[in-house]
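To start, the structure under review is shown below, and the notes come after it.
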Amino acid sequence: MMPSLFRVVHRRVETHDTVTLALAPASEPLTPPAPGQFHMLYAFGIGEIPVSVSATEDAGIQLHTIRAVGAVSRALCQAMPGTMLGVRGPFGKGWRVPAQGGKNLLIVAGGIGLAPLRPVIREAIRRREQYGNVAVAIGARSPGEQLYTAEYREWRDAGLKVLTTVDQAPGGWGGHVGLVTQLLPGLVTSPAATVAMLCGPEAMMRVTARALADQGMAAPSIQVSLERNMQCGIGECGHCQLGPLLVCRSGPVTGYEVAEPLFAVKEL
Ligand SMILES: Cc1cc2nc3c(=O)[nH]c(=O)nc-3n(C[C@H](O)[C@H](O)[C@H](O)COP(=O)(O)OP(=O)(O)OC[C@H]3O[C@@H](n4cnc5c(N)ncnc54)[C@H](O)[C@@H]3O)c2cc1C
Ligand code: FES
């Protein structure tokens with residue numbers, strides 16, 4: 001339960017309320033996280049919250065993309081290079097990325113949900129020859145709230161199909177406007193050979209998963225990342241209980257067959 005000390009070595013402003021922090025271990029590095037796992041980040045004197053790892057770099061540097069929604073996330077977003085933070089983890093079960101077999105990958109992200117999916121995208125690029133089609137469908141509230149836009153060209157150059165949409169846009173915006181589900185038609189050409197990974201607001205995951213199931217995908221091939229408030233991160237406090245699951249231990253990533261009945265359960 002003791003956090004390790006990490007230093008902010010780089011801070012990148014992504015949008016008006018979201019930053020990416022690169023954290024370097026001040027002593028021993030942590031176990032390298034798998035795509036989709038999260039750390040508990042501690043802003044000293046304020047509090048600790050779960051945040052997904054959005055990339056891992058050499059020398060044990062961990063990147064986290066954080067949206068300021070409350071006291072702790074705001075303090076983390078304001079942390080400047082040199083600030084010391086506490087880090088525990090990695091925790092949870094991440095994405096089950098098929099290691100081989102030429103599967104098609106469909107990655108669907110809404111808003112900050114792209115952060116835990118970025119390691120999957122990077123892994124898919126690194127092992128591009130092991131997959132069939134790899135498509136990334138990204139939704140954001142507005143053009144200014146899109147994440148990692150500077151990387152889309154690299155993703156496309158690596159052979160990924162990258163589609164984007166926004167909920168609303170100012171005049172002059174030439175891109176797609178509408179829900180991320182509107183990007184889906186044509187992306188699943190072979191349901192049995194496709195693995196989908198979804199992360200974003202719960203309503204977005206619910207309708208996307210339903211649409212993919214309607215296109216013939218089996219529920220266990222549709223993975224979603226669940227979100228609940230957390231305290232311990234290790235399955236001991238019960239804070240993240242969702243139906244029969246402790247999200248910190250059995251999740252955050254689960255199959256749609258597990259998540260579907262839980263989507264209706266409200267957090268207390
Ligand atoms: C496994 C996991 C991974 C996560 N990964 C990330 C990540 O990579 N990046 C990131 O920015 N966040 C991530 N989160 C969400 C993050 O943990 C919460 O935003 C954070 O706990 C909020 O704490 P706070 O003290 O800043 O705000 P609080 O004071 O707890 O909340 C302030 C207000 O924001 C609302 N709120 C709380 N959480 C959210 C939320 N997630 N979205 C919208 N409104 C919210 C509350 O209802 C409240 O009204 C993750 C959560 C989980 C469970
Ligand atoms: S956060 Fe304590 S049991 Fe999950």
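Read-outs throughout are calculated quantities, based only on the coordinates presented, and are distinct from any laboratory measurement. Just so it is clear, the structure is predicted and the values come from calculations on it, not from any experiment. Cβ coordinates were reconstructed from backbone atoms using ideal geometry, including for glycine residues, and neighbour counts include every protein chain displayed.
Numerical summary
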| quantity | calculated |
| --- | --- |
| Space enclosed by the convex hull of the alpha-carbon atoms of the range 104-262, per residue, Å³ | 120 |
| Electrostatic dipole magnitude of the range 47-182 [Cβ: Lys, Arg +1; Asp, Glu -1; Cα centre; debye, to 20] | 320 |
| Label-point gap, in nm, between ALA264 and GLU28 - each point 7 angstrom along Cα→Cβ | 4.7 |
| VAL13-ASP58 pseudo-label distance in nm [points 7 Å out on the Cα-to-Cβ vector] | 3.0 |
| Cα-projected label distance for ASP214 with ARG249, points at 7 Å along beta-carbon direction, nm | 3.7 |
| The chain: calculated mean residue ellipticity at 222 nm from DSSP helix runs of at least 4, using -39500 (n - 2.57) | -4500 deg cm²/dmol |
| Overall Cα dimensions of the chain, principal axis frame, Å, largest first | 49, 45, 36 |
| Set of the range 197-221 residues, backbone N closer than 19 Å to the point 7 Å along the Cα-Cβ line of LEU179 | 197-217 |
| log₁₀ of I(q)/I(0) at q = 0.11, 0.19, 0.21, 0.22 Å⁻¹ - the range 1-134, Debye sum with one point per alpha carbon | -0.40, -1.05, -1.23, -1.32 |
| Dipole of the range 104-262 [Lys/Arg +1, Asp/Glu -1 at C-beta], most positive-end residue of GLN168, VAL195, GLY110 | VAL195 |
| Computed magnitude of the charge dipole of the chain (debye, nearest 20; Cβ of K, R +1, Cβ of D, E -1) | 180 |
| For the range 104-262, with +1 on Lys and Arg beta carbons and -1 on Asp and Glu, the positive-most of CYS232, ALA140, PRO119 along the dipole | PRO119 |
| Magnitude of the charge dipole, the range 104-262, Cβ model with Lys/Arg +1 and Asp/Glu -1, debye to 20 | 260 |
| Proxy reagent accessibility, fewest Cβ within 10 Å first, across SER221, SER4, SER54 | SER4, SER221, SER54 |
| The chain: relative contact order as a whole-number percent, Cα under 8 Å and 6+ apart | 17 |
